[in-house]
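**Student:** Provided herewith is a single structure, encoded as structure tokens, for subsequent inquiry.
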Amino acid sequence: MNDVAVPGVYSLHRPQVPAVPVVFDSPHSGTVFPADFGSIVPERILRRVQDNFVDDLFYDVLEYGASLLCAHFPRSYIDPNRAQDDLDSRLLSEAWPEPLRPTDKSRLGHGLIWRACPTDRAMYDRRLTAREVRNRIETYWRPYHAVLAEEIDHLWRRFGQVWHVNCHSMPAGSSPIVARRGGSQRADIVIGDRDGRSSDPEFTTFVRDRLEQRGYTVRLNDPYKGAYLIEAYAAPAVGRSSIQMEINRSIYMNEATLEKSGNFEVLRRDLTGLSEEIAGFALDRTMPQAAE
């Protein structure tokens, strides 16, 4: 199977080696700013709130048979990790023709389309038309979800089970709510499985243990439980497990200069090793079924 790409929207990388039922996706690492964005926030500021280099960190998962989907557009333009009805009506210049179900994220300004750039900086000097929002959904959000769903479904049908890892980065400590818990420094990596609802607990535990064996501090569901992209595609009862992985930016990049740090390659090698172990985990649980 060949790679699939839509310029400016996404790239789905498929392995040259035999595939395993594992899909990684990086929805917030996009750096292609659409011409119709129209935000009044400078691009250099918007780059600080995206998952810089996360797609690079996970690219070598292809060596062990996993697929990797990467968004090209920035999350601040439209966020594929939000439901398409998680939209703040205060952002719109006219009534939306369908029911909206804004979550707390929208009320804070960070729903499907951002009304505010952290912290509380207005994204636009005007309201957006329904046509503009619809174009973003149809051109960017929907194709990203369609190709992710198709890849997960394809592997699930082929192997009977599938494991999905949704990849992100988190600031080292810009938010006082999440920077420290109980006086301890923020973890290196946070794994979210929606408090056990989106993944077979064996998979969550496996990933946590393998990271800890490599010397990383790991927390489960604190402070990130996972958002829409694992909620939408997880069904552990029928063999579809999804977890979200948040990586502390301080362990691989300089948050001030937005440059890779000297530890970048160390982390990438560790994540590549983890992907090899995840591939083995997946094959150990699907090969007996395939032989029946």
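Readers should treat all values here as calculations from the given coordinates under stated rules, not as data from a laboratory. The model shown is predicted, which means the values in this text are computed figures rather than measured ones. Positions of Cβ are generated from backbone atoms using ideal geometry, with glycine treated the same way; all protein chains shown enter the neighbour counts.
**Student:** Counting helices only, and only those DSSP H runs with n ≥ 4, report the 222 nm mean residue ellipticity of the chain as the sum of -39,500 (n - 2.57) divided by its residues, in deg cm²/dmol to the nearest 500.
**Tutor:** On the way: 8 runs with 85 residues, N = 292.
Theoretical 222 nm ellipticity from helices: -8500 deg cm²/dmol.
**Student:** Tell me, how many Å apart are the Cα centres for the stretch 42-70 and for the stretch 226-243?
**Tutor:** After rounding, the separation between the Cα centres reads 20 Å.
**Student:** Assuming R0 = 25 Å, can you tell me the calculated FRET efficiency for the pair HIS154 and GLU43, based on Cβ-Cβ distance, to the nearest 0.05? Let's see the in-between values first.
**Tutor:** Numbers: r = 36 Å, r/R0 = 1.43.
That pair, HIS154 with GLU43, gives E of 0.10.
**Student:** In degrees, nearest 10, range 0 to 90: what is the angle between the Cα axis of helix 201-213 and the longest Cα principal axis of the chain?
**Tutor:** The angle comes out near 90 degrees.
**Student:** When only C-alpha pairs under 8 Å and at least 6 residues apart count, what is the relative contact order of the stretch 145-281, in percent? Don't skip to the answer; put the middle values down first.
**Tutor:** Numbers: 198 pairs, mean separation 41.4, N = 137.
Worked out over the stretch 145-281, it gives 30 percent.
**Student:** So, R0 is 25 Å and r is the distance between the beta-carbons of ALA172 and VAL266; what FRET efficiency does that work out to, to 0.05?
**Tutor:** Numbers: r = 17 Å, r/R0 = 0.68.
For ALA172 and VAL266, the calculated efficiency is 0.90.
**Student:** Which of SER29, SER250, SER241 ends up with the largest GNM mean-square fluctuation for the chain, with Cα atoms connected below 10 Å?
**Tutor:** Checking each option, the largest mean-square fluctuation is seen for SER250.
**Student:** Tell me, ASP209, ASP188, ASP104 in order of fewest to most beta-carbon neighbours within 10 Å?
**Tutor:** ASP104, ASP209, ASP188
**Student:** Still on this structure: Assign one of three labels to the stretch 78-132, namely rounded, prolate or oblate, based on the Cα gyration tensor with a ≥ b ≥ c the square roots of its eigenvalues; rounded applies when a/c is under 1.5, prolate when it is not and a/b is larger than b/c, and oblate otherwise.
**Tutor:** Details: a/c = 1.79, a/b = 1.13, b/c = 1.57.
It comes out oblate by the Cα gyration axes.
**Student:** Using only the alpha-carbon atoms, how far is helix 142-159 inclined from the longest principal axis of the chain? Give it as 0 to 90 degrees, nearest 10.
**Tutor:** 10
**Student:** Quick one: Cα centre-to-centre distance for the stretch 249-290 and the stretch 108-122, in angstrom?
**Tutor:** 30
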